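Undergrad: To start, I am sharing the structure in question, which I have written as structure tokens.
The values are calculated or read from the model by the stated rules, or taken from the named source; none is laboratory data. Computed from a prediction, not measured in an experiment: that's the story for all the values here. Counting neighbours? That spans all protein chains shown, and the Cβs are built from the backbone with ideal geometry, glycine included.
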């Protein structure tokens, strides 16, 4: 009896010890562990999924690399959980490099980078690295989606029959203003230079929902905003948010017989949520940027960088080499496809430059005089929308 | 005491049984999930700090709710009271011209108590003067508070050039509440939570006012014995509850997020409602249950990181806990009746 009690007690102690063993072994066995913090769900068919899949590609192509990740990193989905806390957790699991994939993580990533000088950080899409006083272990990465959005705007203007294009915007900041402006410039170019129509007959309306995706009770509902666009006469809606509500609404309307289309954003496979209504999708391939920083960390050649990567114009849909791509959708007609290819060629060889003067801001003040071309920094820090666009700039 | 221990034992068994069932249905490894939640909450000082930073606002909201439950009021408006406390704190922190951080923080502390308390008073006033049940009044005021904070963040208090639900601009470093060396939880937060707990216990269990409140809560006609009206006690209790919730809002702003965000209450008000029900309205159990819920909240982050499970499962587990408690309370009441 005494023996069995002793064995039971020993088994209990062993079970408790097993239960409390720190869990770092599996991650530590890998050669290089990197952590990914995603603002939205990893299967959002948009921004976060594009990052998640790039991380998976890194695991395939960089031997010994292993991704640990957490999605839905935002205060609404994870109340009370902060970025520095999550970073500490990932570091305790062996992460040597952390990627934060949202502009909204700026403060948290900066704080975490200061707390962990030995860990490398990539923040998408801030510009801390441009500040000489920012930590040396914090770099920024972004793609020149302006080109993708110009193509989206171009395709939208070539397709619209009502001359009304809606832009479903997330929140208002420099990034979203320049992307909406790029869309408008692409649309304006197609409308006036290709279709030879009067600029005043093109309506380009921006509506901001307040965040990168729908948060019930907090943001405007993107489904309702997309419906409003269509109900008020727009027949093409371009999405600038991380999820695909605009395309889903367009697809429903199309099934009901309406002649409408939409352009989702961010992720190569986004059209699959409504292929018949999908005009195409500008998307990011994060592999190239990730690989650059991860290889530099592994090879001890890390430098603080602000990396703004453009398309590989020679092979734009090569997901390994082109950070920015554009996939044509089923709803794009062959005429538009041909014109879009010519437009992309012009953007690639520099014969078409849309951020060139004369261009005015929305408040009619001069942005670029005739003959002037915007610098990268002027585009990056675009202070307001452009003349001809409807919607809030502040 | 024996019955309490039996309830806790039975409750724990039910909680683990329910939770294991949910995990099995979700296709998750049960033991590994429990282990990861535990380690995720207590494996390092950073994790314990995080648990404590959730524990503090939960404690404050729960202590506040004990007052209103004593008066037999369902203070659903606690969420809005946290939000209004946070807004009150932020309003004080934005006052220009005050140079001493300690002075601004002190102002913010009282402004948060005032913000939450007044919001509570509004719900109480709706009940006593307008005849609106406190559940409906509170719910309505939660929506109003949410709308108000969104308006501030997207409007007058937005960051320069940015209107985003990520919130207002970060507070200057000297307005962040300081932490224990090596820890990441605000020292002041823990002290405030413990102090409010002790004061609540003294007030409700040891003071004449507390006894009166209990009597009136159980039978409003008892107010006649004390030559007063039950309304006065309703209002007093809901102001104190709102004030405590407001302090939680103050700490969310100055110790956790260091800015105002739309979901500043983090749902702690609603969670505290469940927690207080789970405690059977016993003050003594509140710190432990708050610790349990806080550790579950923090530890459950490991489910997606380590096991690739959806962390929403922690919400399901919390739901299981409350269901278990309600089941035990229900069974006990049935036993009494029979």
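Undergrad: Among the numbered conditions (1) surrounded by 13 or more Cβ atoms within 10 Å (Cβ to Cβ); (2) touching a residue at least 40 places away in the same chain (Cβ under 8 Å); (3) part of a helix (DSSP H, G or I); (4) touching a helix residue (DSSP H, G or I) at 6+ places or on another chain (Cβ under 8 Å), tell me where residue B:205 comes up short.
TA: It is condition (1) that residue B:205 fails.
Undergrad: Any residue in the stretch B:280-294 that is closer than 17 Å to residue B:22 by Cα and within 14 Å of chain A (Cβ to nearest Cβ)?
TA: The answer is no; no qualifying residue exists.
Undergrad: Can you name every one of the strands (runs of 3 or more DSSP E) wholly within the stretch A:183-298 that holds 2 or more residues which are more than 14 Å from every other protein chain (Cβ to nearest Cβ), buried (at least 21 other Cβ atoms within 10 Å of the Cβ) and touching a helix residue (DSSP H, G or I) at 6+ places or on another chain (Cβ under 8 Å)?
TA: In the stretch A:183-298, the matching strands (runs of 3 or more DSSP E) lie at A:236-239, A:261-263, A:280-284.
Undergrad: Still on this structure: In the set A:129, A:76, which member is touching a residue at least 60 places away in the same chain (Cβ under 8 Å), surrounded by fewer than 23 Cβ atoms within 10 Å (Cβ to Cβ) and closer than 30 Å to residue B:82 by Cβ?
TA: A:76
Undergrad: Given the residues B:41, B:26, which is the only one that is within 21 Å of residue B:305 (Cα to Cα), touching a residue at least 60 places away in the same chain (Cβ under 8 Å) and more than 12 Å from every other protein chain (Cβ to nearest Cβ)?
TA: B:26
Undergrad: If you take the residues in the stretch B:1-57 that are part of a loop (DSSP other than H, G, I, E, B) and farther than 15 Å from residue B:317 by Cα, which one is farthest from the chain's Cα centre (by Cα)?
TA: So the residue we want is B:1.
Undergrad: Only residues that are within 10 Å of chain A (Cβ to nearest Cβ), at pLDDT 85 or above and surrounded by fewer than 17 Cβ atoms within 10 Å (Cβ to Cβ): list them for the stretch B:156-172, please.
TA: B:169
Undergrad: Can you tell me which of (1) closer than 23 Å to residue A:382 by Cα; (2) more than 14 Å from every other protein chain (Cβ to nearest Cβ); (3) touching a strand residue (DSSP E or B) at 6+ places or on another chain (Cβ under 9 Å) is the one residue A:159 doesn't meet?
TA: (1)
Undergrad: How many residues does the stretch A:132-146 hold that are buried (at least 19 other Cβ atoms within 10 Å of the Cβ), over 22 Å from the mean Cα position of the chain (by Cα) and either within 20 Å of residue A:52 (Cβ to Cβ) or free of Cβ contacts under 8 Å to residues at least 12 places away in the same chain (or both)?
TA: The qualifying residues number 0.
Undergrad: Moving on. When you go through B:309, B:323, B:329, B:289 one by one, which is the residue that is crowded, with 18+ Cβ neighbours inside 10 Å and in a helix (DSSP H, G or I)?
TA: The match here is B:289.
Undergrad: Now, a different point. Which is in contact (Cβ under 8 Å) with a residue 60 or more places away in the chain and within 14 Å of another protein chain (Cβ to nearest Cβ), of B:332, B:259?
TA: None of the others qualify; the one that does is B:259.
Undergrad: Still on this structure, I have one more. Return the residues of the stretch A:81-123 that are assigned to a loop (DSSP other than H, G, I, E, B), surrounded by 23 or more Cβ atoms within 10 Å (Cβ to Cβ) and in contact with a helix residue (DSSP H, G or I) (Cβ under 7 Å, 6 or more places away or on another chain); say none if nothing qualifies.
TA: Result: A:101, single match.
Undergrad: In the stretch B:262-279, how many residues are part of a helix (DSSP H, G or I), surrounded by fewer than 24 Cβ atoms within 10 Å (Cβ to Cβ) and either in contact with a strand residue (DSSP E or B) (Cβ under 8 Å, 6 or more places away or on another chain) or within 11 Å of chain A (Cβ to nearest Cβ) (or both)?
TA: 1
Undergrad: Among (1) more than 19 Å from the chain's Cα centre (by Cα); (2) crowded, with 21+ Cβ neighbours inside 10 Å; (3) within 14 Å of chain A (Cβ to nearest Cβ), where does residue B:233 come up short?
TA: Evaluating residue B:233 over (1) more than 19 Å from the chain's Cα centre (by Cα); (2) crowded, with 21+ Cβ neighbours inside 10 Å; (3) within 14 Å of chain A (Cβ to nearest Cβ) leaves (3) as the failure.
Undergrad: While we're here: Could you list, in sequence order, all residues of the stretch A:91-108 that are within 9 Å of chain B (Cβ to nearest Cβ) and either within 21 Å of the chain's Cα centre (by Cα) or modelled with pLDDT of 95 or more (or both)?
TA: Correct list: A:102, A:103, A:104, A:105, A:106, A:107.
Undergrad: Against the condition more than 14 Å from every other protein chain (Cβ to nearest Cβ) and out of contact with any helix residue (DSSP H, G or I) (no Cβ under 7 Å at 6 or more places or on another chain), how does residue A:394 come out, does it pass?
TA: It is false that residue A:394 is more than 14 Å from every other protein chain (Cβ to nearest Cβ) and out of contact with any helix residue (DSSP H, G or I) (no Cβ under 7 Å at 6 or more places or on another chain).
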